[in-house]
Each structure stands twice: as C-alpha cells, then as structure tokens.
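Reviewing the structure listed below.
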Amino acid sequence: MDTDVLIVGAGPTGLALGVDLARCGVDAWVLERGDKLFPGSRGKGLQPRTMEVFDDLGVLDAIHAAGGTYPVGMVWTNGERAGEHHMFDPAEPSADSPYNKPWMVPQWRTQEILATRLAELGGKVAFGREVVGLAQDAEGVTAHLSSGDTLRARYLVAADGGRSAVRRALGIGMTGETVDPNPTLVADVRIDGLDRDNWHIFPPRDGADFLAICPLAGTEDFQVTARFPEGTDVDLAPDGIRKVVADRSHIPAENLTEVRWASDFRPRAALADRFRSGRVFLAGDAAHVHSPAGGQGLNTSVQDAYNLGWKLGAVLTGGAPAALLDSYEEERRPIAAQMLDLSTGVHRGEVRRGDATRQLGLGYRESSLTLEARDAAPDGALRAGDRAPDGTVDGVRLFDAFRGPHWTLLALGTEAPEGVTGPVARVVRGGAHDAYGTGLFLVRPDGYVAWAGDTPDGLDGYLIRFSPTPPGRNRGGPAQPCSPQGNG
C-alpha cells in the first residue's frame with residue numbers, strides 16, 4: 001500500500017479529515033487537482049458546533065484571530081440608510097455552549113489554517129493530482145490519476161465537491177431539487193468608500209434583483225452577492241461586476257477597484273443516494289449540496305470529516321473492527337438530509353437563522369453506536385447520542401478533557417469503575433453537573449455521549465466493541481497509538 005487513506009480534495013472537508021487522521025498517526029494523503037487551495041470566500045460562516053470541532057482539532061485560536069462576528073445588516077433605499085436587518089436570532093455564550101454565535105472566516109482562510117495545522121502534524125497536500133477513476137478489491141483502493149499514475153490505499157474518501165469525479169466513478173446518484181432557478185453571482189472584491197460596519201443590502205428595484213455586499217472579517221475584501229433572472233448568462237468579468245454594483249446601488253462603478261475571485265451558481269439541494277461504496281466514502285459536497293443561505297454546507301461537511309476521522313483512526317491504528325465504519329453513513333446521511341431541508345427553508349424565508357442553524361442540537365440517539373443504559377433518565381435530561389456539553393468538573397474544563405482522538409469517561413455524582421477497557425484515555429470525576437446531572441457518561445472522540453448509565457454495569461461490554469482483542473485495561477493512560485500532537 002502507498003498509504004492508509006487517500007483523501008480526494010483539499011477543501012475544508014478534506015483538510016479537516018486530514019488533520020483528524022494525522023493526529024491519530026494514520027498515514028493519509030490529501031490530493032488536490034488544482035495547483036493551489038481554493039481562492040474564494042464561498043463558505044464564510046462557521047457555526048458554533050463547527051467552532052467546537054475546530055477547538056478539538058487545535059485550530060480555534062487561529063480561526064478566532066482570522067475572523068470576526070457578523071455585522072448587522074443595513075438596508076439601503078435610494079442611496080439612504082433605511083433600517084437595520086438582523087440576519088441571526090440573538091444568542092449568548094453559556095458554560096455548556098461557549099461558542100454560540102456564527103463566526104465569519106472566508107473559506108480560503110479557513111483552508112489555509114487547516115492546511116497549516118495538517119503540516120504541523122506531519123501531513124501535506126499534494127497539488128496537481130487529479131483522480132479520474134478508481135478500482136477496488138478486498139484489500140484496498142487503486143486511484144487512477146490524470147497523469148497516468150496510480151496510487152494505492154486501504155481506504156479512499158471523496159471530498160472533491162458537488163461535481164465529484166469519485167462519486168461519478170462509483171455510479172452513485174444524487175437526489176434533489178433546484179432550490180432557486182435564478183443564477184447568483186458571488187465575488188470577492190475591493191470597494192473604496194463603503195464602510196465595513198454593516199452587511200449592506202440593496203433590495204430589488206427598477207426591475208433589478210437584490211444585491212448584498214458583506215465585509216469579509218479579517219480581510220480588506222467585500223463579498224458581493226447578486227441574483228439574476230432565470231436564464232441570464234452572468235458576466236463574471238470585472239467590468240460586468242462593476243456594472244451590477246453601480247446599477248443596483250449608490251456605489252459608483254469606479255469605486256470597485258479590484259475583483260479577486262468570482263463565480264456563479266444556481267442554488268440547489270441534493271443528497272447522495274449512498275455515502276459509502278466498499279472502501280470508498282463520500283463526504284462534504286460530494287455527498288450533499290446545499291443552498292448557501294442557511295450557512296450549513298461547509299459546517300455539515302466538516303462534521304462529516306469529524307465523524308469519519310475517528311472511526312478510520314480507530315480501525316487503522318486502534319484495533320477496532322472494520323464494521324465500525326458502517327456507522328458513518330448510518331449517522332451522517334440522516335443529518336445531511338435534515339440540514340438540506342433546513343438550508344432550503346432558510347433560502348425560501350420559511351426558517352429563521354437561529355438555534356437549528358447553530359447545529360448544537362444535532363445528535364445520534366438512534367445510532368447503533370449509542371446505548372442509553374439508564375432505566376429512566378429524567379425528562380429533558382442529557383441522553384446517550386446527544387452532544388457532550390462543555391463545563392467545569394472539579395476544576396477541569398470538559399472541552400480540555402475531551403480534546404484529542406480519545407474517549408473520555410465522566411463520573412458525576414457516582415463512583416467511577418476502577419479500570420476502563422480499551423480506548424478510554426481519561427476519566428473525569430466530580431459531583432452532579434448542571435448540564436449532565438448524575439451518572440456515568442462515555443464521550444466519543446467526536447464529542448457525543450456514546451453510553452450513559454447509573455452504574456458501570458455493561459460499560460466494559462460496550463467498550464469491547466471498539467477495542468483490539470484481547471481488550472486492554474488502563475487507569476487513565478493513553479490507549480490508542482495516536483500521535484502525541486493529537487492529545488494536546
């Protein structure tokens with residue numbers, strides 16, 4: 001084998017997966033057909049759940065430094081400020097949800113940060129490597145490159161976007177709909193004489209559709225978004241974009257001094273019929289395509305990578321059975337379908353950008369990996385399958401305890417078992433907790449409660465499912481052969 005995992009595509013999905021695998025010591029190559037990372041702002045909004053993922057992957061400080069909060073919308077009419085428009089329902093951080101607002105970082109910058117983290121962990125992106133076909137057998141996957149070369153891996157992950165060549169090679173279809181037949185322009189530009197305190201909104205007028213100009217946090221750029229009538233051939237040339245801005249706002253064409261990137265798209269919603277074929281997995285836009293209105297596409301994609309990463313790591317370096325990988329599609333495809341409905345609802349004005357779009361309430365209660373061992377958990381209580389909240393237990397911040405590709409056991413208001421089977425690398429003990437109540441809570445590497453019980457009965461039996469044979473015993477020491485960088 002050339003490597004353990006080939007990741008096709010160096011967008012946020014592929015890079016996040018590369019980071020997650022690298023910190024577990026998995027040999028993974030990220031292949032990118034272009035000669036550099038994607039240069040545009042496209043997916044600029046990071047939801048709170050994704051911020052928690054980035055905390056765990058070790059990039060949160062860089063993400064915070066690179067971005068900022070969303071500005072309040074300002075509606076303009078005839079060159080005058082007509083009133084504010086709040087894009088998001090208000091929310092404040094709390095002890096269990098410290099990152100409770102969307103954070104703006106242009107996609108190109110998010111990718112740079114993830115690529116830097118990947119390099120820190122010993123990984124890299126191989127540019128100019130286009131996968132055009134593949135073949136599978138019982139031992140692995142062979143990827144055929146446009147150069148005529150081949151690469152061999154035990155598994156392959158398609159993170160190569162909505163027009164995924166890997167998905168097409170597998171013959172996996174996508175089912176969906178056109179959310180809006182009107183083409184939309186999106187461009188990163190420089191504009192003189194426009195303040196950066198607001199997201200500037202110019203409603204339709206004089207037969208022209210809407211225009212929005214958003215200052216991109218952490219940069220000198222603005223993102224221009226403009227919709228056109230169905231059938232329009234959108235002009236992506238700088239003068240064409242200048243004309244759109246001038247025609248739909250009070251901003252003179254000459255004030256738009258530079259176009260740094262431009263594209264057009266037609267909003268659609270589509271879901272891959274399967275997320276797996278043998279040793280090949282689909283993740284991100286290769287598996288689901290969203291309208292950008294809900295700010296769910298990039299975020300759902302990163303969380304695909306986060307779900308798949310620890311499972312591949314457990315199978316490849318931790319001795320877990322390969323059957324664990326069956327749970328990826330089981331868990332992620334229903335979530336993707338739910339997020340597609342949400343994105344479409346936001347696009348059509350049927351849903352506000354509020355609690356649901358933050359993705360903190362998503363979980364895996366129905367997963368085959370989830371076991372609620374309590375006979376009667378209180379109504380409204382945290383249950384197995386739910387996201388594990390942050391907080392402090394006996395002076396230990398829980399997100400600090402969870403950080404790394406290991407399992408964590410919380411013993412709250414009850415005795416912890418003296419030994420823990422398999423992959424549990426940390427046990428946190430304390431009294432009853434506001435977010436958790438009392439009991440034993442086993443937290444997966446991706447921050448979800450896998451098992452919950454009032455006593456340790458059945459815990460060892462549950463953990464054996466994820467352990468090599470024979471299972472090891474430990475009292476808080478490292479259990480998986482992950483890289484040292486992954487545990488900090």
Residues of segment 207-217 satisfying the condition of being over 20 Å from P102 (Cβ atoms) and crowded, with 22+ Cβ neighbours inside 10 Å: L211
Count of residues meeting criterion [assigned to a strand (DSSP E or B), farther than 23 Å from Q359 by Cβ and open to solvent by less than 10 Å² (accessible area, probe 1.4 Å)] in segment 414-465: 7
Among the candidates P321, P292, residue that is open to solvent by 20 Å² or more (accessible area, probe 1.4 Å), touching a strand residue (DSSP E or B) at 6+ places or on another chain (Cβ under 9 Å) and more than 27 Å from G171 (Cβ to Cβ): P292
Considering residues of segment 364-407 that are within 19 Å of L463 (Cβ to Cβ) and outside any loop (DSSP other than H, G, I, E, B) only, the residue most open to solvent (accessible area, probe 1.4 Å): L371
When residues of segment 177-202 are limited to those that are open to solvent by 50 Å² or more (accessible area, probe 1.4 Å) and either modelled with pLDDT of 95 or more or not polar (S, T, N, Q) (or both), the one nearest to S277 (Cα to Cα): E177
Of residues in segment 218-230 being open to solvent by 20 Å² or more (accessible area, probe 1.4 Å) and touching a residue at least 40 places away in the same chain (Cβ under 8 Å), the one nearest to L46 (Cα to Cα): G218
Test: residue in segment 281-292 that is in contact with a Phe, Trp or Tyr (Cβ under 9 Å, 6 or more places away or on another chain) and part of a loop (DSSP other than H, G, I, E, B): yes
Top-ranked residue in segment 16-47 [being of a type in the set (A, V, I, L, M) and farther than 15 Å from R129 by Cα; ranked as surrounded by the fewest Cβ atoms within 10 Å (Cβ to Cβ)]: L46
Matching strands (runs of 3 or more DSSP E) fully within segment 101-176 where at least 3 residues are open to solvent by 20 Å² or more (accessible area, probe 1.4 Å): 125-127, 131-136, 150-158
Single condition W261 does not satisfy, out of (1) in contact with a Leu (Cβ under 9 Å, 6 or more places away or on another chain); (2) open to solvent by less than 60 Å² (accessible area, probe 1.4 Å): (1)
Set L37, L17, L31, L21: member being touching a residue at least 24 places away in the same chain (Cβ under 8 Å) and in a strand (DSSP E or B): L31
The lone exception for R168 - which of (1) without any contact (Cβ under 8 Å) to a residue 24 or more places away in the chain; (2) touching a strand residue (DSSP E or B) at 6+ places or on another chain (Cβ under 9 Å) it fails: (2)
Subset tally (residues that are open to solvent by less than 40 Å² (accessible area, probe 1.4 Å) and either closer than 12 Å to P12 by Cα or assigned to a loop (DSSP other than H, G, I, E, B) (or both)) for segment 82-100: 6
Cβ pairs under 8 Å, 6+ apart, first in segment 63-74 and in a helix (DSSP H, G or I), second open to solvent by 20 Å² or more (accessible area, probe 1.4 Å) and charged (D, E, K, R): A66/R109
Every pair of residues 6+ apart whose Cβ atoms lie under 6 Å, when the first sits in segment 184-211 and is part of a strand (DSSP E or B) while the second is open to solvent by 40 Å² or more (accessible area, probe 1.4 Å) and among the basic types (K, R): T184/R227; D188/R260
The lone exception for T50 - which of (1) open to solvent by less than 10 Å² (accessible area, probe 1.4 Å); (2) touching a Ser or Thr at 6+ places or on another chain (Cβ under 8 Å); (3) over 20 Å from V125 (Cβ atoms) it fails: (2)
Selected residue [farther than 30 Å from R117 by Cα and touching a Pro at 6+ places or on another chain (Cβ under 8 Å)] from A384, A425, A416: A416
Filter result for G58 (open to solvent by 40 Å² or more (accessible area, probe 1.4 Å), in contact (Cβ under 8 Å) with a residue 24 or more places away in the chain and either closer than 15 Å to L118 by Cβ or of a type in the set (D, E) (or both)): yes
Residues of segment 102-152 satisfying the condition of being touching a Ser or Thr at 6+ places or on another chain (Cβ under 7 Å) and free of Cβ contacts under 8 Å to residues at least 40 places away in the same chain: V132, A135, T142, H144, T150
Long-range neighbours under 6 Å by Cβ, at least six apart or interchain, first residue of a type outside the set (K, R) within segment 411-434, second open to solvent by 20 Å² or more (accessible area, probe 1.4 Å) and not in a loop (DSSP other than H, G, I, E, B): A411/R429; L412/G430; L412/H433; A416/V427; A416/R429; G419/R473; T421/D460; V428/V396
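The values are calculated or read from the model by the stated rules, or taken from the named source; none is laboratory data. Owing to the predicted nature of the structure, the values given are computational and were not obtained by experimental measurement. Neighbour counts run over all protein chains shown; Cβ positions are idealised from the backbone, glycine included. To get the accessible areas, we keep the full protein, side chains included, count just its heavy atoms, and leave off ligands, DNA and RNA. Shrake-Rupley method; radii C 1.70, N 1.55, O 1.52, S 1.80 Å.
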